Amino acid sequence: RPYKAHDFMKSFEHIVDDIITNVKPDLLVIAGDIYDTYDPSNDVRAFFSRQVAKLVAAKIPVIILVGNHDICKKNHALSPLAEIRMKNVKVFEEPKFIKFKDHILLMYPYSVSVERSIITNKKLFFDFAEENKRKIAEREDLKDLPVLFFGHFGVKGASLNLGTSSQGKALNFINTSSHDISVGDLGEAGADYIFLGDYHSHQILPTKSCVAMYTGSIEKDDI
């Protein structure tokens, strides 16, 4: 649907321009699903690259997580951007621990290893959480720093989509898959704040030890 792609592109360009002109953040993290497929058209790739270049020119660092729509078992759609190695642009296809301006950033993309069935997403999440806890405990310079987690995955107990049907009926489909990371599991990340991509509806998750949310899609693309 070309008109829908055009709407997304115009919205994203507006957000980028607002970030550059008004928000002026220390860092921009995009939590996955840049594209709807692992082989997007050249026009769409070129558009996204232009927006990233604008952010870089404004001296705003950009981190991009690979999402499940961006990937297949052989490659992912963000590989060309990653290979360019543009200054202040980083693409992550596997979990990564980062220290950035007196903050700990935990980057958790939809992993190539998970896509290739080398490891389950749930095991990778818990392994990453344990590794990070050990790292923080062993280093004095990390112990009191705030921890921000950025991820791309479905959460058991979260709403897959919210909205109304064509008949005006309220819709709220809840993920009940036992194979997914649960709302209760999110506390194991050891983060103060958790920001997630994947589900399109903005929602605050009922976590107890941290603030966790799905940031939501730029434009609603599901019922």
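Is the stretch 36-46 home to any residue that is out of contact with any helix residue (DSSP H, G or I) (no Cβ under 7 Å at 6 or more places or on another chain), under 24 Å from Gly154 (Cβ atoms) and of a type in the set (S, T, N, Q)? Taking every residue of the stretch 36-46 in turn, none turns out to be out of contact with any helix residue (DSSP H, G or I) (no Cβ under 7 Å at 6 or more places or on another chain), under 24 Å from Gly154 (Cβ atoms) and of a type in the set (S, T, N, Q).
In this structure, Asp43 does not satisfy being closer than 21 Å to Tyr214 by Cα and charged (D, E, K, R).
Among the criteria (1) over 13 Å from the mean Cα position of the chain (by Cα); (2) over 30 Å from Lys135 (Cβ atoms), the one Ser217 does not fulfil is (1).
Total residues in the stretch 127-144 satisfying the condition of being in contact with a helix residue (DSSP H, G or I) (Cβ under 7 Å, 6 or more places away or on another chain), loosely packed, with under 15 Cβ neighbours inside 10 Å and modelled with pLDDT of 95 or more: the figure is 0. Tell me, please, whether a residue that is modelled with pLDDT of 95 or more and closer than 27 Å to Phe12 by Cα can be found in the stretch 155-176. Yes - at least one qualifying residue is present in the stretch 155-176.
The number of residues in the stretch 13-52 being more than 18 Å from the chain's Cα centre (by Cα), at pLDDT below 95 and of a type in the set (A, V, I, L, M) comes to 2. Anything in the stretch 72-95 that is open to solvent by less than 40 Å² (accessible area, probe 1.4 Å) and polar (S, T, N, Q)? List them, or say none. Listed by number, the list holds a single entry, Ser79.
Scanning the stretch 207-223 for residues that are open to solvent by 40 Å² or more (accessible area, probe 1.4 Å) and modelled with pLDDT of 95 or more yields one hit, Val211. His14 passes every criterion in (1) under 27 Å from Ala129 (Cα atoms); (2) surrounded by fewer than 15 Cβ atoms within 10 Å (Cβ to Cβ) apart from (1).
The set of residues in the stretch 147-161 that are surrounded by fewer than 23 Cβ atoms within 10 Å (Cβ to Cβ) and within 7 Å of Asn175 (Cα to Cα) comprises Lys156, Gly157, Ser159, Leu160.
The values are calculated or read from the model by the stated rules, or taken from the named source; none is laboratory data. As the structure is a computational prediction, the values presented were derived from the model and not from experiment. In this analysis, Cβ positions are derived from the backbone assuming ideal geometry, glycine residues included, and neighbour counts consider all displayed protein chains. Please note that ligands, DNA and RNA were not included when accessible areas were found on the heavy atoms of the full protein model with its side chains. Shrake-Rupley method; radii C 1.70, N 1.55, O 1.52, S 1.80 Å.
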